[in-house]
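Starting off with a structure, shown below.
Where a number appears in this text, it was derived from the coordinates with a stated rule and is not lab data. Everything quoted here is computed from the prediction, not taken from an experiment. Cβ sites come from the backbone with ideal geometry, for glycine too, and all protein chains shown count toward neighbours.
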Amino acid sequence: MKEINKCLFPAAGYGTRFLPATKAIPKEMLPILTKPLIQYGVEEAKLAGMNTMAIVTGRGKRSIEDHFDISYELEHQIKGTSKEHYLTKIRNLINNLTFTYVRQKSMRGLGDAILTGKSLIGDEPFAVVLADDLCVSKDSGVLSQMVQVYKKYGKSIVAIETIDKNDTNKYGIIEGKLIEENIYEVSNMIEKPEPQNAPTNLAIIGRYILTPEIFDILQRTKPGVGGEVQITDALLTLSKEDKVLALKFDGERFDCGSLDGFMKATNYLYKQEQN
Ligand code: G1P
């Protein structure tokens, strides 16, 4: 079985919910404490053993590339001073990971963003992180937990959590058979169903492990909810061949695409830092 070395970050969205903050700053660069959102995702992927971060960007996202690159002027100013330690974590990422980029020219949905990343991924299994969803867990990161499941089954995996039944229209919802503690074999999935049409309240969160056959399927997938190509619809096709699992992960997830989740994540991590 091929190892998972690459992690794809769809990061071309406009971040309209955070305007005007996101007018000139990508939403992925908004900080939770002193780190931009996307850095949390990159650290989680590194912890799970991945060494290449494949980022799907768009116009106005240059600061993401600058963040994961050396700033010579800053290095020069700070070298040998008492402030040098502020750069330790980001230097560690820059020195040990490869960052690759491709631009999504028009926003046609998450499925289209993932398909745009094909040129960076090639013919191998890969992870996907939606940086909006900040995940924390006590023992091992969510992606690390998913890699363990992948090593056992070799199938595509979505991370899920139980949500309030009234919120099903914000998520991809899965239905499936429990095959081992916290692991479901997915038989059905629907993107953002109204509560009365939702088969369960098991919601997909922004962590995926995908096998490369997903690219061909995405190419054939017609636009769905919102007129956008949905990864949920492509995974539904794959699930018909019993090739998709869902993992109820151990940990907590904050929806940093909403102000409420963003504040909760900030408070949670700030409290942790104080202890
Ligand atoms: C996307 C996916 C959805 C998933 C969600 C997780 O939706 O389409 O299936 O549940 O991410 O955050 P979005 O939040 O981009 O509308």
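So for the chain, averaging the separation of alpha carbon pairs under 8 Å that are six or more residues apart and normalising by length, what relative contact order in percent results?
23
Within 10 Å of each residue's Cβ, count the other Cβ atoms and sort I121, I205, I157 from fewest upward.
Starting with the residue having the fewest Cβ neighbours, the order is I205, I121, I157.
For Q104, which sequence-distant residues (separation of 5 or more, or a different chain) have an amide H within less than 5 Å of its own amide H, given hydrogens modelled in the peptide plane?
The answer is T57, G58.
Still on this structure, please answer the following. State the antiparallel share, in %, of DSSP beta bridges confined to the chain, rounding to the nearest 5.
If I count the DSSP bridges inside the chain, around 60 percent turn out antiparallel.
While we're on this one: Fewest Cβ neighbours within 10 Å first, please rank L33, L236, L110 accordingly.
Ordered from fewest to most neighbouring Cβ atoms within 10 Å, L33, L236, L110 come out as L33, L236, L110.
Kindly provide the helix-only [θ] at 222 nm of the chain, computed as the sum of -39,500 (n - 2.57) over DSSP H runs of four or more divided by all residues, to the nearest 500 deg cm²/dmol?
Helix contribution divided over all residues of the chain: -9000 deg cm²/dmol.
Oh, and also: For region 151-275, rounded, prolate or oblate, judged on the Cα gyration tensor with a ≥ b ≥ c (square roots of eigenvalues), a/c < 1.5 rounded, else prolate if a/b > b/c?
Here region 151-275 falls in the prolate category.
Work out the FRET efficiency for I78 and E3 from their Cβ-Cβ distance, taking R0 = 45 Å, and round it to the nearest 0.05.
So the FRET efficiency works out to roughly 0.80.
Considering only Cα-Cα distances, which of the following residue pairs are longer than 30 Å: K6/K243; K105/K192; K89/K165; K222/K264; K23/K240?
Distance filter (> 30 Å) returns K89/K165; K222/K264; K23/K240.
Label points 7 Å out from Cα along the Cβ direction at N169 and D242: separation in nm?
Modelled inter-label distance: 3.6 nm.
Is any residue of region 243-260 close enough, with backbone N under 17 Å, to a label point placed 7 angstrom from the Cα of K35 along the Cα-Cβ axis, and if so, which?
What the label zone holds, given the 17 Å backbone N cut-off, is 251-257.
For region 194-233, rounded, prolate or oblate, judged on the Cα gyration tensor with a ≥ b ≥ c (square roots of eigenvalues), a/c < 1.5 rounded, else prolate if a/b > b/c?
Oblate.
So for region 71-110, taking the charge dipole from beta-carbon charges (+1 Lys/Arg, -1 Asp/Glu), which of Y101, T88, L74 sits furthest toward the positive end?
Farthest along the dipole direction, towards plus: Y101.
Please compute the length gained on full extension between S71 and T162, using 0.36 nm multiplied by the number of residues separating them and subtracting their Cα-Cα distance.
28.5 nm
Y86 to Y270: FRET efficiency via 1/(1 + (r/R0)^6), r the Cβ-Cβ distance, R0 25 Å, to the nearest 0.05?
The computed FRET efficiency comes out at 0.90.
Compute the relative contact order of region 20-109 as a whole-number percentage, counting only Cα pairs closer than 8 Å that sit 6 or more residues apart in sequence.
38
Related question: Return one number: the angle in degrees, 0 to 90 and rounded to the nearest 10, between the long axis of the Cα atoms of helix 142-153 and the longest principal axis of the Cα atoms of the chain.
Rounded to the nearest ten degrees, it is 40.
Could you name the lysines in cross-link range of K271, using Cα to Cα under 16 Å and dropping any fewer than eight places away on the same chain?
The reachable lysines, counting only those whose Cα sits under 16 Å from K271, are K35, K138.
Given labels modelled 7 Å from the Cα in the Cβ direction, how far is it in nm from Q148 to S63?
Reported label-point gap for Q148 and S63 is 3.7 nm.
Give me the angle, in degrees from 0 to 90, between the Cα long axis of helix 37-47 and the longest principal axis of the Cα atoms of the chain, rounded to the nearest 10.
So the inclination is approximately 80 degrees.
Which of K264, K89, K192 comes first, and how do the rest follow, when ranked by fewest Cβ neighbours within 10 Å?
The order, fewest Cβ neighbours first, is K89, K264, K192.
Using unit Cβ charges (K, R positive; D, E negative) and no other charged atoms, how large, in debye to the nearest 20, is the dipole of region 49-122 about its Cα centre?
Around 300 debye, computed over region 49-122.
By DSSP, what percent of the beta bridges with both residues in region 1-120 are antiparallel, rounded to the nearest 5?
Rounded to the nearest five, the antiparallel share is 15 percent.
Next up: Place a point 7 Å from the Cα of K138 along the Cα-to-Cβ direction; which residues of region 251-275 have their backbone N under 20 Å from it?
Counting backbone N atoms under 20 Å from the label point, the list is 251-254, 265, 268-275.
Please give the helix 259-274 orientation as an angle from the longest Cα principal axis of the chain, in degrees from 0 to 90, rounded to the nearest 10.
50
So if the hydrodynamic radius of region 63-201 is defined as the Kirkwood radius over C-alpha pairs, what does Stokes-Einstein give as its diffusion coefficient at 10 °C and 1.306 mPa s, in µm² per second?
Estimated via Stokes-Einstein, D reaches 84 µm²/s.
So, one more: Which whole-Hz ³J(HN,Hα) couplings does region 218-223 yield from phi under the Karplus relation 6.51 cos²θ - 1.76 cosθ + 1.60, θ = phi - 60°, glycine and proline marked x?
Working through the residues one at a time gives 4, 4, 8, 7, 7, x Hz.
Apply the Debye scattering formula to region 140-187, with a single equal point scatterer on each alpha-carbon and no solvent, then give log10 I(q)/I(0) at q = 0.20 Å⁻¹.
Each listed q maps to, in turn, -0.78.
Bin width 10 Å, alpha-carbon pairs only: give the P(r) of the chain as whole percents, running from 0 to the bin holding the largest distance.
6, 29, 38, 20, 5, 1, 0
What length, rounded to one decimal in nm, is gained on full extension from Q196 through to I179, with 0.36 nm per residue of separation minus their alpha-carbon distance?
3.5 nm
Take the alpha carbon gyration tensor of region 1-104, find the square roots of its eigenvalues, order them as a ≥ b ≥ c, and report rounded if a/c is under 1.5; if not, report prolate when a/b exceeds b/c, else oblate.
Cα axes put region 1-104 in the oblate bin.
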